[in-house]
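**Student:** The structure's right below; bear with me while I get my questions together.
The values are calculated or read from the model by the stated rules, or taken from the named source; none is laboratory data. Note that the structure is predicted; figures quoted are calculated from it, not measured. Here Cβ is always computed from backbone atoms with ideal geometry, including for glycine, and neighbour counts include all displayed protein chains.
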Amino acid sequence: MIGKVSTMGQNGILLKVLLVAFTIGLLVNTTQGQFLNMENPPYLNFGWLDYRNYRENVPIYRQFDYFGNFMVEGFDAFLWEEYRTIRPAAGSVLLKGKMYQQWLNHLAIARDAFAGWSTSLTIGNAVRTVFTPLTLSLTRYNGIRWDMASDNNQFTVLTTRISDPIKFWYLEPLGADLLRSINEGVYLLGGHWQTFVGGFLRLGATYLNLHRYDSFRTAAENSWKGVAIRDAIPDTIYVRFSDDSPEDGVAGAAIYSIYATVKVRKGDKVVVERIEPCKIICSPGVVEHPPGYLQPGGYLEASGEFQAPTKFYPGVYKVPVYVDFVFPMPRRAFEVEFATLVANDYRISIRQVHHFTSTLPPADINVTGDLVRKDRPFYPYFPIRRAKGNVGDMSNKQVVRFQYGMLTGMTTMGLDAELRIGNFHLQGEIVRSTTDFQYPVMIGSRSDYKDFAYYVMAKQEIKPFTIGGELFSIGPKYYGYDNGQDVKYVYAYLWNKHDPKDRVLYRKYLFHPWRGPYWYFNNAR
C-alpha cells in the first residue's frame, strides 16, 4: 500500500513538471517566433539625417531617381512621361496636379543666367508664343517652352502633346489632379533661332513638325512623318469636287473623268487594278455639259453654293456645290492613286468610310456617321488639290494625279530676315511646307506634297508720312492648321485667327464643338 502511494505521488509530480515545461516552451516559441512581448529595440540610423515621415496634410514627398538616389522634396505639379510599350498600358501620360492649378496658377517659370547666357523654362496653359508670321503665332500655347539668349543670339524650343493637352477653363472651380493617358496622338516639336548682326540686321531660321504617333508601334515605325490610325482599312473612298471660290458663283470645277489605280497584295504578288467609280453623288446646283455626263466630251460643273439642309449641316446655311465620286476598295490594297481630267477653279477633297468599333463597356458599339456627327457642323473632307488662281476659261484643263492617304504629319521650315537702317524698314520670309500622308494600313504607301509661301515688306518713313508696300504669295498646297481636338479642349493650330496681341479668347473659340479629329486646310492663296 505504501509503495503504491509513493509511486502515484512521483508520477503526479513528474506530470506537473512536464506540463509546466511544455507550457513555458509554447510561450517562449510563440513570443520569440512572432516578436511579441519583446522590448523595443533602440533606433539605429547610420545616415546623415534621421528618418522623416510623410506629411499628413500637404502632399509633399521625397523624390528619388531609378537608382534610389535622393533628388528633391516636393509635389507633382506637372508630369509628362512617354512609354513605348505593349497593351494595355498607356504610352503617353500627362498630369497637371492641383498644386499646379492653385499655387502656380497654371504657369511655372524657371530662370537662370551664366557666363553671358540667360535661360528660362516655361510650362503653362496660355503662353504667348510667336515665331514668324508664316510659321507659328499663338497667344495661348499650351505646353513646354525653353528660351535661351545671349547678346546677339536667341533661340526657342517647343514641345507639346498638341492633340490631347490638359486645358482648364479659368472660370471653373479648382479641382483635383487631372491625369490624361493616351496611346495615340499628335506631337508638336519645333524651334526658332535668330541672330543680330551689327545692330541693324536680324537673321532667323524656324523648324516646326507636327506628327501623329502610335505608342504600340516601334521607334522605327514611329517616324517624324507620322503614322496612320489603326483599324481604319477603307471600304470606300470618296473624292469630292467643288468650287474653290464658291462666293463668286461662276466657273467652278469642271470634271471630265476620274479613275483609280490600286495596288493589291495577293499572296507574294502585287496586282495592279483599275477601279471606276461605283456611284456619283451630285448636290443641288450641279450642271451637266452637255446633258448626259457619260457622253464623250461631256463634263460636270460644280459652281457656287446651295442652301444646305439643316438636318445634315446644322448651323451652316450655305455649302459649296459638289460632286462626289465613290470608289470601292479591295481589302488588301496598300496604295491608291487617282487620275482625273479637270479644269477651271476646282478644289479636290478626299475622305473614306471604314468600319469602326468602340470597345467601351458594357458592349461593343458600332459607331455610325450619324452617331459621331450628332448635331454639330461637320465637314469630313480633306482638300488634296486646288486650282492655281481663279480660272474660268478652261485654259488649265489637265490631268491631275494624287495618291490617297490619311494625313499623318506636317513639317515647316523657313528663313526670315529684317533690316532697319534709319527710317527704312525691310522685312521678309520664305517658308516651305511639307504635308505627309499614309494609306491606313501597316504597310501602306506614303505620299506627300510640298509648297512655298513668302512675303517681302518694305516701309520708309518720310515725316509726317509713311510709304510702304508688300509682296506675298501663299501656294495652294501650303498648309498650316491642325484642328484635332476633343470636345473640351482648345483648337490646335499654328496660327491664331484673331489679333495675336489679344490674349483673351471668347468661349466659342476656347471650346471645340465637335468630338473627333479633322484637318482644316488653309484657304489663303
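**Student:** Please give the number of the condition ASP248 fails out of (1) in contact (Cβ under 8 Å) with a residue 40 or more places away in the chain; (2) farther than 24 Å from TYR478 by Cβ.
**Tutor:** All conditions are met except number (2).
**Student:** Any idea which of PHE216, PHE168 is in contact with a helix residue (DSSP H, G or I) (Cβ under 7 Å, 6 or more places away or on another chain) and either of a type outside the set (A, V, I, L, M) or modelled with pLDDT of 90 or more (or both)?
**Tutor:** Residue meeting the stated conditions: PHE168.
**Student:** To continue, here is another question. Which of the following residues is within 25 Å of GLY190 (Cα to Cα) and modelled with pLDDT of 65 or more: ALA90, ALA115?
**Tutor:** The unique qualifying residue is ALA90.
**Student:** Considering only residues that are among the aromatic types (Phe, Trp, Tyr) and touching a Gly at 6+ places or on another chain (Cβ under 9 Å), look in the stretch 51-79 and name the one that is modelled with the lowest pLDDT.
**Tutor:** That would be TYR61.
**Student:** Continuing with the same structure: Could you pull out every one of the strands (runs of 3 or more DSSP E) wholly within the stretch 250-351 that has 2 or more residues that are modelled with pLDDT under 90, touching an Asp or Glu at 6+ places or on another chain (Cβ under 8 Å) and surrounded by 15 or more Cβ atoms within 10 Å (Cβ to Cβ)?
**Tutor:** Once the strands (runs of 3 or more DSSP E) in the stretch 250-351 are filtered for at least 2 residues that are modelled with pLDDT under 90, touching an Asp or Glu at 6+ places or on another chain (Cβ under 8 Å) and surrounded by 15 or more Cβ atoms within 10 Å (Cβ to Cβ), what remains is 318-320.
**Student:** While we're on this one: Out of all the residues in the stretch 213-247, which are within 18 Å of the chain's Cα centre (by Cα) and of a type in the set (Ser, Thr, Tyr)?
**Tutor:** TYR213, SER215, SER223
**Student:** Select, from LEU15, LEU27, the only residue that is surrounded by 10 or more Cβ atoms within 10 Å (Cβ to Cβ), assigned to a helix (DSSP H, G or I) and modelled with pLDDT of 70 or more.
**Tutor:** LEU15
**Student:** I need a count of the residues in the stretch 443-482 that are of a type in the set (A, V, I, L, M, F, W, C) and exposed (fewer than 13 other Cβ atoms within 10 Å of the Cβ).
**Tutor:** So the answer is 5.
**Student:** Quick test of your reading of the structure: ASP416 fulfils all but one of (1) over 27 Å from the mean Cα position of the chain (by Cα); (2) in contact (Cβ under 8 Å) with a residue 40 or more places away in the chain. Name the failing condition by number.
**Tutor:** (1)
**Student:** Also, I was wondering about something else. Between a first residue in the stretch 149-161 that is at pLDDT 90 or above and a second residue that is basic (Lys, Arg), which pairs have beta carbons less than 8 Å apart while being 6 or more apart in sequence or on different chains?
**Tutor:** Correct list of pairs: THR156/ARG145; VAL157/ARG145; LEU158/ARG145.
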